[in-house]
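Everything on this sheet refers to the single structure shown next.
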Amino acid sequence: MQAFPHELALGDVYVSPLLIVIILSFMATGLTTVILNKLRLSSYFFHLPLSYLAIMMLYIVLIDAYFIKI
């Protein structure tokens with residue numbers, strides 16, 4: 001048996017663990033962008049939306065690989 005279930009039950013609705021990973025990575029990306037804006041480091045990126053998407057993909061991979069392990 002796995003340590004983490006395949007689906008999470010919220011009431012009568014089954015939710016994929018990948019949805020939880022995406023929500024967590026979205027929040028972590030938002031926090032990262034706030035920090036980058038406060039430190040004025042976001043001005044070094046050429047295309048901001050693409051770089052934020054890349055940061056979100058990195059968080060998805062890291063959260064999936066090390067915390068939830070789908």
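Every residue in segment 23-41 that is surrounded by fewer than 16 Cβ atoms within 10 Å (Cβ to Cβ) and part of a helix (DSSP H, G or I), please. Reasoning before the result, please.
Kept after step one, since they are surrounded by fewer than 16 Cβ atoms within 10 Å (Cβ to Cβ), are these residues of segment 23-41: 23, 26-27, 30-31, 34-35, 37-41.
Hits for segment 23-41 are Ile23, Phe26, Met27, Gly30, Leu31, Val34, Ile35, Asn37, Lys38.
Quick test of your reading of the structure: Ala9 fulfils all but one of (1) modelled with pLDDT of 95 or more; (2) among the small types (Gly, Ala, Ser); (3) surrounded by fewer than 12 Cβ atoms within 10 Å (Cβ to Cβ). Name the failing condition by number.
With (1) modelled with pLDDT of 95 or more; (2) among the small types (Gly, Ala, Ser); (3) surrounded by fewer than 12 Cβ atoms within 10 Å (Cβ to Cβ) applied to Ala9, the lone miss is (1).
Can Ala9 be described as outside any helix (DSSP H, G or I), without any contact (Cβ under 8 Å) to a residue 24 or more places away in the chain and among the small types (Gly, Ala, Ser)?
Values: outside any helix (DSSP H, G or I): yes; without any contact (Cβ under 8 Å) to a residue 24 or more places away in the chain: yes; among the small types (Gly, Ala, Ser): yes.
Taking the combined requirement at face value, the residue satisfies it.
Of everything in segment 12-44 that's among the aromatic types (Phe, Trp, Tyr) and modelled with pLDDT of 90 or more, which residue is nearest to Met57 (Cα to Cα)? So that I can check it myself, show each step before the final result.
Residues of segment 12-44 among the aromatic types (Phe, Trp, Tyr): 14, 26, 44.
Checking which are modelled with pLDDT of 90 or more leaves us with 26, 44.
Values: Phe26: 9, Tyr44: 19 Å.
The extreme case among them is Phe26.
The values are calculated or read from the model by the stated rules, or taken from the named source; none is laboratory data. Only a predicted model underlies this, so the values are computations on that prediction, with no experimental measurement involved. Every residue, glycine as well, gets a Cβ built from its backbone with ideal geometry; the counts of neighbours run over all protein chains shown.
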